[in-house]
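Everything below concerns the one structure shown next.
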Amino acid sequence: MSEPMMAAGFASALLDYAVSRGADRRVLLDAAGLDVAALADQDNRIPVAAYQALIAAAMAATGDTALLLRHTLTSRLETISVVGQIVHHSASLPHSIDQLNRYLRLMADNDALAGRDRFALVQERGEVWIVDHLPVAGPDYIGIEASFARFISEFRRSFPDQTFELEMQVTYAPPPHVDDYPELFRVPVTFNATRNALRIDPVWLSDKTAFEPGNAYVFGVFTRHADTLLQELATRDSLRARIEAHILPDLHEGTLSMDKVARDLGMSRQTLYRRLREEGVTFAELHDDLRQRMARDYLTARKVSVNETAYLLGFSEASSFVRAFKRWTGQSPSAFRESAA
């Protein structure tokens, strides 16, 4: 199973917030195993484990176990993720929850949901609940905390004169910062409940509180961008993408052993060959195409010479690289590098 990943925007926003509360940026980055480049684009993907390490380090540095909760209640989702822009241009609460479920993976992978929608609108005995189906284990309660805090903060900000939240039920025990709950959530909270759910005013399902008419063009722009990102994630899930990520650090070594790659991925050579064939590519074609794409990237960036590029791609001689590059592009590496200037 591949490592769960998530959008870098959440880590970047939390990092800035923790620093504003007195934490040291470099200490937090080191604790999370992240660097500035990884957080430069909110759509970049970082390991979920790195974000969790950042949360723990930030809480330790500030001495505030409610740090993520406070950050969620004071931040704006639309500045962190394209999903926030989509939600804010949705037509109604049910529509916005549909969009959340559709694009949830752009915020974070979560295999624990097993294909189930994370959020559901449930009507019971005249009450309306937003149920969060994310399983909770141990310190994972902060995910539920942040989930409900996000709903509450977005509606408080967008509809300051209309009541949204009424009550919370959570499956976890009272957290260390339970005394801060009345001030932060401002609703009764039942701990050790049988589900994680937020009760809201039923008026949000009526026409009386319809969202402002959204800009259909803007909504379309954001959803098209989000759909492209989802497609990219699906591509990364392929065996080809796993192999490329695996062999990229060793690309400079030149000839790569298909047997070794298969062993590293926990399968036989025959299985690797068959699965790649199902994806319409051979190992040699994959290797050659990865070299081509990396060559274009290196030369476009103009940070390395043609000879250095040849070495980084595992060519024993620059002349071999030149021939390969002409085969790929019809140009010499030098001509391509100059045209990219």
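The values are calculated or read from the model by the stated rules, or taken from the named source; none is laboratory data. Owing to the predicted nature of the structure, the values given are computational and were not obtained by experimental measurement. Here Cβ is always computed from backbone atoms with ideal geometry, including for glycine, and neighbour counts include all displayed protein chains. Note: areas computed on protein heavy atoms with side chains; ligands, DNA, RNA excluded. Shrake-Rupley method; radii C 1.70, N 1.55, O 1.52, S 1.80 Å.
Distance between the pseudo-spin-label points of Ala173 and Thr255 (7 Å out from Cα toward the beta carbon): 6.1 nm.
Rounded to 0.05, the FRET efficiency of the Ser92 and Val189 pair, given R0 = 35 Å and the Cβ-Cβ distance, is 0.85. The mean sequence separation of alpha-carbon pairs under 8 Å and at least six residues apart, normalised by the residue count of the chain, gives a relative contact order of 13 percent. Among Pro175, Pro249, Pro188, the residue with the largest mean-square fluctuation in a Gaussian network model of the chain, with springs joining Cα atoms closer than 10 Å, is Pro249. Charging the Cβ of each Asp and Glu at -1 and of each Lys and Arg at +1, and nothing else, the dipole of the range 271-336 about its Cα centre rounds to 100 debye.
If each of Ala137 and Glu78 carries a label point 7 Å out from its Cα toward its Cβ, how far apart are those two points in nm? Output for this residue pair reads 3.8 nm. Calculated accessible area for the range 278-332 comes out at 56 Å² per residue, all protein chains present (probe 1.4 Å; ligands, DNA, RNA ignored). Extension gain for Arg157-Val27 works out to 43.6 nm (0.36 nm per residue, less the C-alpha to C-alpha distance). Using the Kirkwood radius over C-alpha pairs as Rh, can you work out the diffusion coefficient of the range 265-341 via Stokes-Einstein at 37 °C, viscosity 0.692 mPa s, in µm² per second? So the translational diffusion coefficient is about 242 µm²/s.
Hey, what did the range 25-84 get for relative contact order, percent, Cα under 8 Å, at least 6 apart?
Relative contact order for the range 25-84 comes out at 29 percent.
The helix-only estimate of mean residue ellipticity at 222 nm for the chain, built from DSSP H runs of length n ≥ 4 each weighted as -39500 (n - 2.57), is -16000 deg cm²/dmol after division by the residue total.
Close amide H pairs (under 5 Å, H built 1.01 Å from N) link Glu167 with Arg199, residues at least 5 positions away or on another chain.
In this structure, Ala112 and Tyr311 have a Cβ-Cβ separation that, at R0 = 41 Å, corresponds to a calculated FRET efficiency of about 0.40.
Convex hull of alpha carbon positions in the chain: directionally averaged projected area 21.4 nm².
Across the accessible surface of the chain, with the other protein chains kept in place and a 1.4 Å probe, carbon and sulfur atoms take up 51 percent.
The charge dipole of the chain, taken about its Cα centre with unit charges on the Cβ atoms of Lys, Arg (+1), Asp and Glu (-1) only, comes to about 980 debye. Placing unit charges on each Cβ (+1 for Lys and Arg, -1 for Asp and Glu) gives the chain a dipole about its Cα centre, and among Phe155, Tyr17, Ile243 the Cα reaching farthest toward its positive end belongs to Ile243.
Using the average count of surrounding beta-carbon atoms within 10 Å as a protection proxy, the listed peptides 292-302, 47-57, 157-167 rank, highest first, as 47-57, 292-302, 157-167.
Starting from the Cα-Cα distance between Leu265 and Glu279, subtract it from 0.36 nm times their residue separation and give me the gain in nm to one decimal. Kindly include the intermediate steps, with their values, before the conclusion.
Numbers: separation 14, 0.36 × 14 = 5.04 nm, distance 1.65 nm.
Value of the extension gain: 3.4 nm.
Charges were assigned to the Cβ only: +1 to each Lys and Arg, -1 to each Asp and Glu. The resulting dipole of the range 19-61 about its Cα centre is roughly 140 debye. Kirkwood hydrodynamic radius of the range 220-318, from the reciprocal of the average inverse Cα-Cα distance over all distinct pairs: 15.1 Å. Ordering Thr329, Ser92, Pro182 by Cα displacement along the dipole of the chain toward the positive end leaves Thr329 in first place; charges were set at the Cβ atoms of Lys, Arg (+1) and Asp, Glu (-1). Here the calculated FRET efficiency for Glu232 and Ser20, from their Cβ-Cβ distance with R0 = 35 Å, stands at 0.65, rounded to the nearest 0.05.
Largest GNM mean-square fluctuation among Gly126, Gly84, Gly254, using the chain with Cα springs under 10 Å: Gly126. The range 1-128 has equivalent-ellipsoid semi-axes of 28, 17, 14 Å, by the square roots of 5 times the alpha carbon gyration tensor eigenvalues, sorted largest first.
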